[in-house]
1. Quick check on region B:92-101. Is at least one of its residues more than 9 Å from chain A (Cβ to nearest Cβ) and surrounded by fewer than 21 Cβ atoms within 10 Å (Cβ to Cβ)?
2. Can you name the residue in region B:102-137 that is at the interface with another protein chain (Cβ under 7 Å from one of its Cβ atoms) and under 12 Å from residue A:10 (Cα atoms) and is also surrounded by the fewest Cβ atoms within 10 Å (Cβ to Cβ) among such residues?
3. What about residue A:42, is it out of contact with any helix residue (DSSP H, G or I) (no Cβ under 8 Å at 6 or more places or on another chain), in the same structural domain as residue A:81 (by TED's automatic domain parsing) and loosely packed, with under 15 Cβ neighbours inside 10 Å?
4. Just to verify a result, which residue in region B:66-91, among those that are part of a loop (DSSP other than H, G, I, E, B) and in contact with a strand residue (DSSP E or B) (Cβ under 7 Å, 6 or more places away or on another chain), is nearest to the other protein chains (Cβ to nearest Cβ)?
5. Being over 30 Å from residue A:49 (Cα atoms) and more than 7 Å from every other protein chain (Cβ to nearest Cβ) narrows it down to one of A:216, A:204, so name that one.
6. Output the residues belonging to region A:3-20 that are within 11 Å of chain B (Cβ to nearest Cβ) and in contact with a helix residue (DSSP H, G or I) (Cβ under 6 Å, 6 or more places away or on another chain).
7. Here is a list: B:36, B:14. Which entry is in contact with a strand residue (DSSP E or B) (Cβ under 7 Å, 6 or more places away or on another chain) and farther than 19 Å from residue B:71 by Cα?
8. Residue check: is residue B:155 away from chain A (no Cβ under 12 Å) and on the phi > 0 side of the Ramachandran plot?
């Protein structure tokens, strides 16, 4: 077991525990950044997709994992960011301005939504946000002059400092763009969590009454959380639009919202790692399923025709298994395994006591 | 002028009068205890000060301010901190994080400087940490600094809650049953801590407590309540021998 000897408060304030941990994460970043050299274009595309989902997951994690406000409608903000980005680009705004602006606009949209949502808790908030997601579909169709309606919109490559960044034309450049955004968002998130604002999110999640007694303005804090969460989702949506190239009112359906929530639950609520681990599961599962279907077909014979709903069925089963056996998600499981090795042979089963209510303030009222 | 003044405060929940025409004053620097049987309205008095409830009639003044004009989250800014009868800690955070939330009312940074973690945010974190460490030393919580609240025993949680309230750097501290559920040794510790808060930190303490040993040992004045109304107010000895108090607890001699 590694014991970090602390001699300075900065050791608790800086994001990494010690040089060893910092090295691990830098190596991970280097290996991922070098992906174009060890992955072919297909898998590079898949990795890009996973990173985009991870950014979207980070967005929802701020709101649901850290502030305790369940949202079943985050596809709305993905869509908003995506359309805002494209519409700005079509208006001739350069990408380096259009992209950040798309996120900021989505954040402002999030605040507008947050005002009526502030009074809602738990399942009522989930229903409210889910309704938003369904509504967005119709809004996109109705606002056809701006959004292109059912026919949708197309987005080719964009230019950054004279380099063409295009999902199909230059997948490597697009991958680095996505990786850059993911790293920046993650760094911002880490900073947030070690600052008063991040702690006030956690305070609102765990006990609204005592957060209030400590001087945390609940309404304001929730509003800021909505804003940040939606801004990050907006960026993820903009990248999703660039990734798929073409999109319409059905691209960001309520199913995407549900998938997003499932993702962070599987990954582990309330941790940055959770967003990434969940994205890996959600991103690679379809490929894993189709490969294993071929394998099953080859070994046992029988038809390998697509079974309708197989993917969602398996997602559902994985989610049920996680909620039953590992409510802390993949990251929680990893923490347990790590502790088991660190403390071997002194690990006790109840060291991570299972919490009956994860979100205290989310109990039905 | 008194630090905290209740003036003819009445609070009704439907037909139930929780607090009935209550008036009292807490002087700066004193330890003031509220006692009374269950349902006497003691915790309601705390919740009125925390602005969780609006009184039906009457006035609450704190340090010259009209407290009824403050928002619930604005009460802390006046330097009023509190603990809760049923511990209300942030369960899925460490002790250190809980105490740092207590520093929230001193936050000077804004969202942008925190997301970028500018040097000003870093300086603020170091300042907060130093203040919190003083509290950790004061209440002997060193061993629990990085522990999650959800894994802590009851007695420690109780102390952490007091620590979090102290971390706000309060002028008036409201303790809602600080000794309930504590062992004899822990209660004795709590008694000295409350005493030290006044001596070393110049904090005025208003507490609700059932343990008469603690109340008479530490408090300067005691308010006895029953059915939302004032029964007696005076030194611990005066209140304990007051006929109305004896009657409220033991009933009338036949």
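The values are calculated or read from the model by the stated rules, or taken from the named source; none is laboratory data. The model shown is predicted, which means the values in this text are computed figures rather than measured ones. Cβ atoms come from the backbone with ideal geometry, glycine included; neighbour counts cover every protein chain shown.
1. Checked against the condition, which is being more than 9 Å from chain A (Cβ to nearest Cβ) and surrounded by fewer than 21 Cβ atoms within 10 Å (Cβ to Cβ), region B:92-101 yields at least one hit.
2. B:126
3. Here the answer is yes, as residue A:42 does meet what is asked.
4. So, considering only residues that are part of a loop (DSSP other than H, G, I, E, B) and in contact with a strand residue (DSSP E or B) (Cβ under 7 Å, 6 or more places away or on another chain), the one nearest to the other protein chains (Cβ to nearest Cβ) is B:84.
5. Details: A:216 fails: more than 7 Å from every other protein chain (Cβ to nearest Cβ).
After ruling out the rest, the residue left standing is A:204.
6. Residues satisfying the conditions are A:9, A:13, A:15.
7. Within the list B:36, B:14, the selection yields B:36.
8. Taking the combined requirement at face value, the residue does not satisfy it.
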